[in-house]
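What follows is one structure encoded as structure tokens, with my remarks underneath.
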Amino acid sequence: MSTLEIRGLKVSVETEQGAVEILKGVDLTIKSGETHAIMGPNGSGKSTLAYSIAGHPKYTITSGTVTLDGADVLEMTVDERAKAGLFLAMQYPVEVPGVSVSNFLRTAATALRGEAPKLREWVGEVRAAMESLKMDPSFAQRNVNEGFSGGEKKRHEIMQLELLKPKFAILDETDSGLDVDALRIVSEGVVRAKDASQCGVLLITHYTRILRYIKPDFVHVFANGRIVEEGGPELADKLEANGYAEYVTA
Amino acid sequence: MTTLQSNILENHTPTGREEAWRFTPLKRLGGMHDGTATPAERNSLAVKGALPTGATFAHQEIIAVTQTDDAIVNRIREFTTKGAVLTIAANAEISEPIFLNRTSFGTDTAEFSRVLIKAGNHSKSVVVLENTGDTHLAEDLEIVVEPGAHLTLIALQEWGSKTIHAARHHAIVDRDATFKSIVVTVGGDLVRLLPTVDFISPGASCDLSGVYFATAGQFFEHRMFVDHKVPNAKSRVNYKGALAGDKAHTVWIGDVFIRAAAEGTDTYELNRNLLLSDGARADSVPNLEIETGEIVGAGHASTTGRFDDEQLFYLMSRGINMDDARRLVVRGFFNEIVSEIGIAEIQERIMARIDDELAKAGK
């Protein structure tokens with residue numbers, strides 16, 4: 001059983017007008033096997049929370065703590081966070097020209113497992129992950145995210161989630177831009193990964209439709225840089241009916 | 001006089017003020033340009049392994065097939081009328097690459113070397129020039145690609161740190177012939193290469209690619225000139241370079257001339273540079289001169305940038321450490337061209353050398 005604990009997290013970014021505070025004190029605790037949905041309007045700071053936990057250099061932590069089983073995540077480099085068990089499925093995965101998916105995945109697995117996976121087993125693992133996400137085998141030879149459609153990028157992110165087996169997966173708007181079929185395939189991948197490894201899931205989304213496939217244990221409403229309401233799955237139904245209007249009025 | 005025509009130097013010792021010499025540190029040329037070098041005819045170029053059927057190689061008299069105003073090439077031609085000649089017989093289709101290896105004999109004298117590669121009518125071949133060790137080398141390499149022939153020339157500059165190498169690769173490409181050149185420059189103190197293509201008949205095409213990686217103190221110059229003087233010829237130029245370390249300096253010049261007669265020309269040239277540290281300098285000058293509007297296309301692009309933080313973040317967020325992430329990005333950057341070599345052993349060797357250069361450069 002692992003615990004990811006966020007306490008009083010305040011984060012700012014540099015802009016031309018100086019530092020702007022985006023996160024204004026976030027408290028959140030996620031345990032293995034739990035699924036937490038963070039829902040909120042655009043610009044509320046949901047993605048900033050995801051990237052701050054992963055260690056993107058653009059964000060400055062001004063106060064607060066993030067710990068994983070007591071270890072100080074904020075002191076770790078980006079790759080150390082991944083090795084500690086954090087995974088971020090990105091909303092806009094980055095193109096890496098000239099680096100094949102196959103090479104990238106094997107390099108990542110080698111880094112995270114501490115040794116190169118045995119070739120035969122690895123090929124089988126990758127093939128199974130690709131088949132279950134309904135990806136063409138030729139995908140492995142393409143360059144990372146280069147020329148991928150929106151749906152392909154998201155499948156690729158979730159394939160990594162299945163292969164890299166983190167303790168905690170943060171999914172940043174994985175549902176955005178997906179049609180119904182792709183949403184179902186990607187969601188099934190998340191559920192499969194969670195069932196297999198009992199990882200904790202932090203699901204960041206604007207819409208409730210992904211929650212039909214990935215059932216949250218907890219729902220947190222995010223507005224103006226902090227969590228403003230928390231509840232169970234029923235809170236999502238309320239958001240579905242009423243939208244975010246009551247949270248964004250100043 | 002136009003910029004391109006001003007590249008045509010009068011046959012004198014360059015002063016550094018000429019367009020063709022303005023980037024080159026003349027003092028570091030070992031006197032090969034001004035007559036102060038001690039020239040030697042070393043015949044250092046030899047066939048490595050067995051020569052396949054359809055190819056012959058000899059040291060013999062050479063009658064120049066190209067005109068030039070390059071000061072160094074003219075000094076070579078004044079010094080010797082002999083050189084190495086590789087001939088691919090007409091209609092020969094040679095599947096195995098032909099390896100020509102240059103043994104270096106140190107830097108006490110300068111090797112003044114003439115080379116002629118002749119690809120006969122409708123022949124198909126791949127020639128690999130391997131350059132290693134430390135030497136001073138002035139090289140006049142002429143290439144004749146006869147009608148319908150397909151020649152791939154892979155020129156590898158894997159020199160040691162003391163080498164001074166000035167070379168002109170001048171290809172004459174005839175009707176429906178294809179010349180493909182892949183240049184790799186990853187070693188040497190100073191390397192100045194002039195890949196030059198003359199299309200002499202319609203339907204000819206060339207594909208000039210290159211990669212270079214300069215570290216502290218190294219100067220690598222790649223200066224192309226593609227002369228479209230006949231209709232319906234096609235040229236592609238794609239060079240990629242990385243620089244790391246203090247006073248690493250690269251120069252890429254892409255001169256493409258589309259003369260009035262060259263209707264139906266299709267040309268595109270691209271140079272991309274990756275600056276991996278402060279104190280390095282990449283000059284990149286695409287130069288397109290067009291005398292006719294009746295063309296298929298003509299374009300160029302040049303970019304110089306640093307590591308993309310988003311790429312590094314993405315890779316590191318998957319557990320890959322900073323050094324490995326940088327290595328992946330640099331390998332990926334060069335892969336587009338290195339993978340074109342098509343000889344696995346050489347591709348792996350070049351990538352390993354690139355890894356070494358990157359490691360040497362540190363952070």
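Using only alpha-carbon positions in chain A, the gyration tensor eigenvalues give semi-axes of 29, 21, 18 Å once each is multiplied by 5 and square-rooted (largest first). Looking at the square roots a ≥ b ≥ c of the eigenvalues of the Cα gyration tensor of the stretch B:99-142, which shape do they give, rounded for a/c under 1.5, prolate if a/b is larger than b/c, or oblate? Oblate, because a/c is 1.5 or more while a/b does not exceed b/c. Distance from the C-alpha centroid of the stretch A:1-55 to that of the stretch B:11-58: 61 Å, rounded to the whole angstrom. Here the calculated FRET efficiency for residue A:242 and residue A:16, from their Cβ-Cβ distance with R0 = 41 Å, stands at 0.70, rounded to the nearest 0.05.
Taking amide H as placed 1.01 Å from N in the peptide plane, the amide H of residue B:181 sits under 5 Å from that of B:153, B:207, B:208, B:209, each at least 5 places away or on another chain. Using a simple spin-label model with pseudo-atoms 7 Å out from Cα toward Cβ, residue A:234 and residue B:296 lie 7.0 nm apart. Between residue B:46 and residue A:146, the FRET efficiency from the beta-carbon distance, with R0 = 41 Å, is close to 0.45. Highest mean packing first, where packing is the average number of other Cβ atoms within 10 Å per residue, the peptides B:235-248, B:60-73 line up as B:235-248, B:60-73. In this simple spin-label approximation, residue A:217 and residue A:42 carry label points 7 Å from Cα along the Cα→Cβ vector, and these lie 3.3 nm apart. The phi torsions of the stretch A:78-83, fed into the Karplus equation with coefficients 6.51, -1.76 and 1.60 and a -60° offset, translate into couplings of 4, 5, 5, 5, 5, 5 Hz, rounded to whole numbers, with Gly and Pro shown as x.
Excluding same-chain residues fewer than 8 positions from residue A:24, which lysines have a Cα within less than 17 Å of its Cα? Candidates past the 8-residue exclusion: A:10, A:46, A:58.
The GluC sites (Glu not before Pro) of the stretch A:133-212 meeting both criteria, a DSSP state outside H, G, I, E and B (loop) and at most 16 other C-beta atoms within 10 angstrom of the site's C-beta, are A:146. Shown in residue order for the stretch A:114-129 are the 3J(HN,Hα) couplings computed by the Karplus curve 6.51 cos²θ - 1.76 cosθ + 1.60 at θ = phi - 60°: x, 8, 5, x, 4, 4, 5, 5, 5, 4, x, 4, 5, 4, 4, 5 Hz (x for Gly and Pro).
Comparing the full protein assembly with the isolated chain (1.4 Å probe, heavy atoms, ligands and nucleic acids excluded), the residues of the stretch B:279-314 losing at least 10 square angstrom of accessible area are B:309, B:310, B:311, B:313, B:314. Across chain A, C-alpha contacts under 8 Å between residues 6 or more apart give a mean separation that, scaled by the residue count, equals a relative contact order of 27 percent. The label point for residue A:69 and the one for residue B:281, both projected 7 Å from the Cα toward the Cβ, are 5.4 nm apart.
Peptide A:101-108 has a mean shielding of 3, counted as Cβ atoms of other protein chains within 10 Å of each residue's Cβ. Looking at the stretch B:269-345, the trypsin sites (Lys or Arg not before Pro) that sit in a DSSP loop and have at most 14 other Cβ atoms within 10 Å of their own Cβ are B:306.
Between residue A:203 and A:36, A:37, A:38, A:171, the built amide H atoms are under 5 Å apart, and every one of these is 5 or more places off in sequence or on another chain. What you get for the stretch B:47-119, charging only the Cβ of Lys and Arg (+1) and of Asp and Glu (-1), is a dipole of about 100 debye around the Cα centre.
For the stretch B:280-363, the mean projected area of the C-alpha convex hull, equal to one quarter of the hull surface, is 8.5 nm².
Straight-line reach from residue A:134: taking Cα to Cα under 16 Å and skipping same-chain neighbours fewer than 8 places apart, the lysines in range are A:153, A:154.
Amide H to amide H, with H built 1.01 Å from N, residue B:99 comes under 5 Å of B:48, B:128, counting only residues 5 or more places away or on other chains.
Name the shape class, rounded, prolate or oblate, that the alpha-carbon gyration tensor gives for the stretch A:1-100, where a ≥ b ≥ c are the square roots of its eigenvalues, rounded holds for a/c under 1.5, and otherwise prolate holds if a/b is larger than b/c and oblate otherwise. Note, shape of the stretch A:1-100 comes out rounded. Averaged over peptide A:144-151, the number of partner chain Cβ atoms lying within 10 Å of each residue's Cβ comes to 1. With one equal scatterer per alpha carbon and no solvent term, the Debye-computed log10 I(q)/I(0) for the stretch B:119-216 at 0.10, 0.11 1/Å reads -0.28, -0.34.
Taking 17 Å as the straight-line reach from the Cα of residue B:124, the lysines in range (excluding those fewer than 8 positions away in the same chain) are B:180. The slack in the chain from residue B:348 to residue B:53, taken as 0.36 nm per residue of separation less the alpha-carbon distance, amounts to 103.4 nm.
The residues of the stretch B:100-143 expose on average 28 square angstrom of accessible surface per residue, using a 1.4 Å probe on protein heavy atoms. When only alpha carbons are used to place a centre, the stretch A:119-153 and the stretch A:183-250 end up 27 Å from one another. Looking at the stretch B:28-127, the pairs of alpha carbons with a distance over 16 Å make up 61% of the total. Among rounded, prolate and oblate, which fits the protein assembly as shown when a ≥ b ≥ c are the square roots of the eigenvalues of its C-alpha gyration tensor, a/c under 1.5 means rounded, and a/b larger than b/c means prolate? Note, shape of the protein assembly as shown comes out prolate. Rounded to the nearest 500, the helix-only mean residue ellipticity at 222 nm of chain B stands at -4500 deg cm²/dmol, with each DSSP H run of n ≥ 4 adding -39,500 (n - 2.57). Stretched out straight at 0.36 nm per residue, the stretch from residue A:136 to residue A:80 would grow longer than its current Cα-Cα span by 17.0 nm. Among A:57, A:233, A:216, the largest mean-square fluctuation in a Gaussian network model of chain A, built with springs joining Cα atoms closer than 10 Å, belongs to A:57.
If the chain linking residue B:289 and residue B:261 were pulled fully straight, counting 0.36 nm for each residue of separation and taking away their Cα-Cα distance, it would gain 8.8 nm. Surface exposure of the stretch A:1-49, expressed per residue as accessible area with a 1.4 Å probe, stands at 41 Å².
The values are calculated or read from the model by the stated rules, or taken from the named source; none is laboratory data. It should be emphasised that the depicted structure is a prediction, and the values quoted were computed from it without experimental measurement. Note that each Cβ is placed from the backbone with ideal geometry, even for glycine, and that neighbours are counted across all protein chains shown. Accessible surface areas use protein heavy atoms only, side chains included; no ligands, DNA or RNA. Shrake-Rupley method; radii C 1.70, N 1.55, O 1.52, S 1.80 Å.
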